[in-house]
């Protein structure tokens, strides 16, 4: 901080931030925001086959205890992760659906919650399936 002289000769402290203080504050905020963005829910995919992606509005049906009546091909194994405890399993599931659409999938089958370990933040796992009959697709 700069020191300026008052009218009667007494020292007065200037409360304005220096340029380097403002830059440091901006850098700190930027790093914090990037850290939060890096901790968004994400999914890891193991591919079994390649299909054209589905549109962003394509409905992905989710089965956890049952299997669909329509036949399907397994496209990939997908595992959803969260980085922060504040992210919900629903947020992780939505990210898994986005990935499934991109893989050309129609369905997430055998959805299971993963028992969390200290070294893993995986929360959900499923198989991405693509219906073999067009009348089964949403």
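The values are calculated or read from the model by the stated rules, or taken from the named source; none is laboratory data. These numbers were taken from a predicted model, which means no experiment stands behind them. No Cβ is skipped: glycine too gets one built from the backbone with ideal geometry, and neighbour counts run over all protein chains shown.
Scan the stretch 79-114 for residues that are under 10 Å from residue 42 (Cα atoms) and either part of a strand (DSSP E or B) or over 12 Å from the mean Cα position of the chain (by Cα) (or both) and the total you get is 3.
Filtered by the rule that a residue be at pLDDT 90 or above and within 17 Å of the chain's Cα centre (by Cα), the stretch 36-59 gives a lone residue, 56. Kindly evaluate residue 64 against the criterion of being out of contact with any helix residue (DSSP H, G or I) (no Cβ under 8 Å at 6 or more places or on another chain) and free of Cβ contacts under 8 Å to residues at least 24 places away in the same chain. In short, no.
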